[in-house]
1. Between Thr153 and Asn237, 0.36 nm times their residue separation minus their Cα-Cα distance comes to what?
2. Once the Cα atoms of helix 263-283 and of the chain are each reduced to a long axis, what angle between those two axes, in degrees from 0 to 90 to the nearest 10, is obtained?
3. Quick one: which of 43-49, 31-37, 53-59 comes out on top by average Cβ neighbours within 10 Å, and what's the full order, highest first?
4. Which pairs break 24 Å Cα to Cα here: Lys23/Lys156; Lys160/Lys198; Lys3/Lys23; Lys106/Lys197?
5. Return, for the Cα atoms of segment 210-280, the radius of gyration and Dmax in Å, separated by a comma.
6. Whose amide H sits under 5 Å from the amide H of Ser63, counting only residues 5 or more places off or on another chain, with H placed in the peptide plane?
7. I want to make sure I understand the PRE zone here: with the label point 7 angstrom from the Cα of Lys23 toward its beta carbon, which residues in segment 49-82 have backbone N atoms less than 16 Å away?
8. Between Asp245, Asp134, Asp229, which gets the highest mean-square fluctuation from a Gaussian network model of the chain, Cα cutoff 10 Å?
Amino acid sequence: MGKIIDGRSLAQKLNSRLGREVKKFPKAWPKPTLAVVLVGNHEASEVYVRQKAKACSAVGIKSVVRLLPSSTSEKKLLRLIDRLNRSKHINGILVQLPLPKQIDPKKVIGHISPDKDVDGFHPNNMGRLFGSNDPNPLLPCTPLGIMALLNSTRVKISGKHAVVVGRSHIVGRPIAELLLQADATVTICHSRTKNLKKHIHHGDIVVAAVGKPHMVKGRWLKKGAIAIDVGISRLGNKRLVGDIDFKTAKKRCSFITPVPGGVGPMTIAMLLANTIKAYKIQKGI
Ligand code: NDP
């Protein structure tokens, strides 16, 4: 039976550490501040924004939520980002995705100042992840959270075969790169991959980031594999489930993350860590 990697408790530990760090900043300095921009009333996004604001306040980060109607033009959103980029009081900017159809998310992400890009999606920060030797880039939160979850198992990643299912710019590709940097041998699978089961069966580490409930069956996994489930889907009965069939997978894995309570809390914790990192970069400390 696989051990559950408890993302909630790991996130709590990280949050406590971050809270202690915030308390050590000089009293005269303004609090680290995160601006969260939400366009429209996407139900899931509203929940995520509330969770992020709550998490911020728990560690002493101030959050400022800007709610804009779904009819907002791209120009208006870009103007708001300009103001947030210029503001001395704002250290991090997060634009909640998805955005309404009339707004190009790439343009919006590219407009955020790279030093305030706490999601780590700006092309400069992506470039730093993939190309440069920058020792301190702002990296995407979910992949950072996954690496922390893997490291918490104390299993050596070097030399392991990692299979990443999903090749999005926010999860699949950056986690594949981080695993590669940790000296894993990495296979990336996607919707056109032939014989997905066979690839997954070779994985010592399997990261599923697809968004299809219970797509990965327990019997597909190699015995003793570590299974990291990024997917979040809501079933008809409102229950949240991941991409991995938890019940059957738990019997084959050495470690497995649950949904909810695995990758999700660590993604938020890494957002807080990135906000503090951005604050320190801007303060030159
Ligand atoms: P995307 O939709 O951007 O990417 C999904 C990926 O899955 C694509 O690369 C797609 O392939 C691939 N895919 C689709 N169908 C299959 C299939 N049948 N077999 C193999 N691969 C397939 O999603 P995201 O990366 O943004 O998110 C993935 C999931 O993770 C979602 O459920 C999302 O809600 C969740 N998520 C959770 C987070 C958390 O904090 N827990 C954070 C971010 C996301 P192709 O490229 O060929 O289309």
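1. 27.0 nm
2. With rounding to tens, the tilt is 40 degrees.
3. Averaged packing, sorted descending, gives the order 31-37, 53-59, 43-49.
4. Lys23/Lys156; Lys3/Lys23; Lys106/Lys197
5. For segment 210-280, the Cα radius of gyration and maximum Cα-Cα distance read 14.4, 46 Å.
6. For Ser63, the qualifying residues are Leu34.
7. Under cut-off, by backbone N: 57-61.
8. Asp134
The values are calculated or read from the model by the stated rules, or taken from the named source; none is laboratory data. Every value quoted in this text rests on a predicted model; they were computed, and no experiment measured them. Positions of Cβ are backbone-derived with ideal geometry, glycine not excepted, and every protein chain shown enters the neighbour counts. With ligands, DNA and RNA removed, areas are computed over all heavy atoms of the protein, side chains included. Shrake-Rupley method; radii C 1.70, N 1.55, O 1.52, S 1.80 Å.
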